[in-house]
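A short reminder: the numbers here are calculations on the coordinates, not readings from a lab. Please read these numbers as outputs of a predicted model, since none were measured by experiment. Heads up, the Cβs are rebuilt from the backbone with ideal geometry, glycines too, and the neighbour counts pull from every protein chain shown.
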Amino acid sequence: MNAEIEFCLNRADQATILKHLLDCDSEFLPRLSERVEIPSYSLKIQESATRFEAWNASHLVGLLAAYCNDAEQRAAFITSVSILKQWQGKGIAQQLLDQCIARIRGLGFAQIELEVALDNSKAVLLYAGRGFVTQQANSTTAKMRLELGVRT
């Protein structure tokens, strides 16, 4: 496996996003297919999300999708972070998250929110390590927020 990674913005088409999400389905906690209809979700991501992508040659190995469409509240929402199993543990998710935070801050948004399964301790630690704070939690999920310190 060639470890060279290229980071891109909004390069993947819907078919590539669909394949990536299907390949990562079992890595989500709970499985993505238990929560959404993946073909429709991949189309929504392609049409409406800002996508931070990690590529190895022609393979999408990492994807972070964020909705930056709440200009009134100046809040963005990370809807999905997925890394192919064989590419996990190489810092790709951290780099994608850092790129996302920098871009959203640059757009003048005040905060980024997300929801994470509490069983996904790696993801919870990743977000907490980047400054996300739990706002609400129930027995299975936590809503986390990062205040970006951007003033109006």
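Only lysine pairs 8 or more places apart or on separate chains count here, and in region 6-147 those with Cα atoms under 25 Å apart total 10.
Ellipsoid fit via the Cα gyration tensor, region 6-147: semi-axes of 21, 18, 15 Å, each the root of five times an eigenvalue, largest first. With contacts taken as Cα pairs under 8 Å at a separation of at least 6 residues, the chain carries a relative contact order of 19 percent.
In a simple Cβ point-charge model (Lys, Arg +1; Asp, Glu -1; nothing else charged), region 47-152 has a dipole of about 280 debye relative to its Cα centre. Restricting region 21-129 to GluC sites (Glu not before Pro) that sit in a DSSP loop and have at most 16 other Cβ atoms within 10 Å of their own Cβ leaves 37, 72. A cut-off under 12 angstrom between Cβ atoms defines the neighbours of residue 136, and their net charge, with Lys, Arg +1 and Asp, Glu -1, is 0. Maximal additional length on extending the residue 47-residue 139 stretch stands at 29.9 nm, based on 0.36 nm per residue less the C-alpha distance. Name the residues of region 32-59 whose amide N is less than 18 Å from a point 7 angstrom out from the Cα of residue 6 along the C-beta direction? The answer is 51-59, whose backbone nitrogens lie closer than 18 Å to the label point. Ellipticity at 222 nm from helices only: DSSP H runs of n ≥ 4 in the chain, each -39500 (n - 2.57), divided by the residue count, give -9500 deg cm²/dmol. For the pair residue 98 and residue 26, label points projected 7 Å from Cα toward Cβ lie 3.1 nm apart.
For residue 119 and residue 40, the difference between the fully extended length at 0.36 nm per residue and the C-alpha to C-alpha distance is 25.9 nm.
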